[in-house]
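Heads up: the structure comes next, in structure tokens.
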Amino acid sequence: MTRLTILEYPDPRLRTVAQPVETVDDELRTLIDAMFETMYASKGIGLAATQVNVHRRLLVTDVSEEHDRPLVFVNPEVVAREEIGTAQEGCLSVPGIYEDVERAQRIRVRALGRDGKPFEMDAEGLLAVCVQHEIDHLDGKLFVDYLSELKRQRIRKKLEKERKLRGNERAPVRSTAPAI
Ligand code: GNR
Ligand code: NI
């Protein structure tokens, strides 16, 4: 059982652009298993490698209620998108914040699976939104980037305050005084 630490906004490491996976091997499958364990334990429906500080193009999802539809996408690419719509999003890296985001509600995605074999699949609704949200993570983007600067600033302040109250032992050490 390996639970990985999820980076939280505004951690600058979440801005890293992930590099393509070169080989799908047992080492990668060990990481995939740990990502699923971390995602299920955190009650998430998706997780990108970026969020666990691994900057490789890999994401996992499971939008089923029963946790019986695990999907693995290595080097994912959206090859078609349709039907732009708005849906509420949350993010394990932006805990407790839920905001509307506009995205394609139907996509076709191409990727390699857990076995390293290429596949394409059509996704709609929550899965389509989730895959786009995860690919954004791989590109160093967060859903809060679609919000206004004012909203984003409020979210950042709220999370920083909560983290201070929690006394997060994983919080980065400040080298200078807080700019408040
Ligand atoms: O658990 C999650 N729920 C969610 C809800 C709506 C749109 C996207 C998501 S993904 C999120 C998990 C996460 O942060 N993945 O990066
Ligand atoms: Ni996220």
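The values are calculated or read from the model by the stated rules, or taken from the named source; none is laboratory data. Remember, predicted model here, so these are calculated numbers, not experimental data. For neighbour counting, all protein chains shown are included, and Cβ atoms are generated from backbone atoms with ideal geometry for every residue, glycine included. What goes into the accessible areas is simple: the full protein's heavy atoms, side chains included, and nothing from ligands, DNA or RNA. Shrake-Rupley method; radii C 1.70, N 1.55, O 1.52, S 1.80 Å.
Things to note:
- Between helix 149-166 and the chain there is an angle of about 70 degrees, using the helix long axis and the longest principal axis of the Cα atoms.
- Degrees between helix 125-138 axis and first principal axis of the chain (Cα, 0 to 90, nearest 10): 60
- Total lysine pairs under 22 Å (Cα atoms) in the chain, excluding pairs fewer than 8 apart on one chain: 7
- Once the Cα-Cα distance is subtracted from the 0.36 nm per residue extended length, the Glu27 to Met1 segment shows a gain of 7.8 nm.
- For Phe143, the shell of other residues with beta-carbons less than 9 Å away shows a net charge of -3, using +1 for Lys and Arg and -1 for Asp and Glu.
- Mean Cβ count within 10 Å, highest first, over the residues of peptides 35-46, 148-159, 63-74: 35-46, 63-74, 148-159
- 1.4 Å probe accessible area per residue over the chain, in Å²: 58
- Its Cα gyration tensor gives region 6-107 an equivalent ellipsoid; the semi-axes, largest first and in whole Å, are 21, 17, 16.
- Ratio of Rg to Rh over the chain (Cα coordinates, Kirkwood Rh, two decimals): 0.97
- Evaluated at q = 0.19, 0.21 Å⁻¹: base-10 log I(q)/I(0), Debye formula over Cα of region 79-137: -0.72, -0.83
- Legend: P(r) of region 48-98 from all alpha carbon pair distances, 10 Å bins from 0, whole percents, reading 18, 38, 43, 1.
- With every protein chain in place, region 1-48: carbon and sulfur % of accessible area (1.4 Å): 51
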